[in-house]
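Peer 1: Got a structure for you, questions after.
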Amino acid sequence: MRTDITDRTAITGVVTDFYTRVYADDLLGPIFIDIARMDLPAHLPIMCDFWETVLLRTGSYRRNALQAHFDLNRLVRLEQAHFDRWLLLWHTTVDDRHAGPVAELAKTQAGRIAGSIGRRLAGSTGSEHVTIGATVRR
């Protein structure tokens, strides 16, 4: 029986399992391993802080997630396919391990985060809402 995400231990399990899948993935693995050259043991606690802050509102994450993606995007163009695969792997990992309101929130927030980062990398606002401006006629 799958339980909900309730604490740091559950988040650590999800994040560790997720990155194991990312590293093994044909599309994302080379970006994380060969281009970003991410030190996974050093990166995992940071990502656990991030998700603990997002899901449990601990405030333990105090970095700039967007800047890391801007830096990576300078090395390799991050495209919608990358974000789609990231989301697929995240959703699958969460669903394989947990069920409940916080698990659903983890998937919802991942979609919002991926969308916002993707829009920002494309030079747009991070918001999914677009303001329709008035056209001035002269």
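The values are calculated or read from the model by the stated rules, or taken from the named source; none is laboratory data. All values reported here derive from a predicted model rather than from experimental measurement. Backbone-built Cβ (ideal geometry, glycine too); neighbour counts: all protein chains shown. Only protein heavy atoms, including side chains, enter the accessible area calculation; ligands, DNA and RNA are left aside. Shrake-Rupley method; radii C 1.70, N 1.55, O 1.52, S 1.80 Å.
Peer 1: Leaving out ligands, DNA and RNA, and with a 1.4 Å probe, what % of the accessible surface on the chain is carbon or sulfur? Don't skip to the end; give the middle numbers.
Peer 2: Values: 4590 of 8620 Å².
Carbon and sulfur atoms account for 53 percent of the accessible area of the chain.
Peer 1: Let me ask something additional. Could you provide, to the nearest whole Å², the per residue accessible area of the chain with probe 1.4 Å? Could you put the intermediate results ahead of the total?
Peer 2: Details: 8620 Å² over 138 residues.
On a per-residue basis, the chain sits at 62 Å².
Peer 1: Between residue 8 and residue 65, take the C-beta separation as r, use R0 = 22 Å, and let me know the FRET efficiency to the nearest 0.05. List each step's numbers first, then the result.
Peer 2: Details: r = 18 Å, r/R0 = 0.84.
Between residue 8 and residue 65 the formula returns 0.75.
Peer 1: So, one more: Can you pull the one-decimal nm distance between simple spin-label points at residue 120 and residue 17, each 7 Å off the Cα toward Cβ?
Peer 2: For the pair residue 120/residue 17, the computed spacing is 2.8 nm.
Peer 1: Let me ask you something else. Where in the chain are the helices, taken as whole DSSP H runs, whose Cα atoms extend 15 angstrom or more along the long axis and whose Kyte-Doolittle mean reaches at least 0.0? Present the calculation step by step, with values, prior to reporting the outcome.
Peer 2: Numbers: long enough: 8-24 (24 Å, 0.31); 40-56 (22 Å, 1.05); 65-75 (16 Å, -0.04); 80-97 (26 Å, -0.69); 101-121 (30 Å, -0.03).
Helices passing the filter in the chain: 8-24, 40-56.
Peer 1: Among (1) 65, 35, 27; (2) 36, 36, 35; (3) 70, 59, 26, find the value of Cα extents along the principal axes in Å that was calculated from the structure presented, and write down its label.
Peer 2: (1)
Peer 1: Shape of segment 1-52 from its Cα gyration tensor (a ≥ b ≥ c, root eigenvalues): rounded if a/c is under 1.5, otherwise prolate when a/b > b/c, or oblate? Walk me through the numbers before you get to the answer.
Peer 2: Numbers: a/c = 3.53, a/b = 1.73, b/c = 2.04.
Oblate shape, in that a/c is at least 1.5 and b/c is the bigger or equal ratio.
Peer 1: How high is the relative contact order of the chain, in percent, with contacts defined as C-alpha pairs under 8 Å that are six or more residues apart? Mind dumping the intermediate values first?
Peer 2: Numbers: 114 pairs, mean separation 41.5, N = 138.
About 30 percent, as a whole number.
Peer 1: Also, I was wondering about something else. Assign unit charges at the C-beta atoms only (+1 for Lys and Arg, -1 for Asp and Glu), then state the dipole size of segment 1-82 relative to its Cα centre in Debye, rounded to the nearest 20. Can you show the working numbers first?
Peer 2: Working: 9 positive and 11 negative charges, 50 e Å.
In debye, rounded to 20, segment 1-82 gives about 240.
Peer 1: Which value, in debye to the nearest 20, describes the size of the charge dipole of the chain about its Cα centre when Lys and Arg Cβ atoms bear +1, Asp and Glu Cβ atoms bear -1, and nothing else is charged?
Peer 2: Values: 17 positive and 16 negative charges, 157 e Å.
Dipole size: approximately 760 debye.
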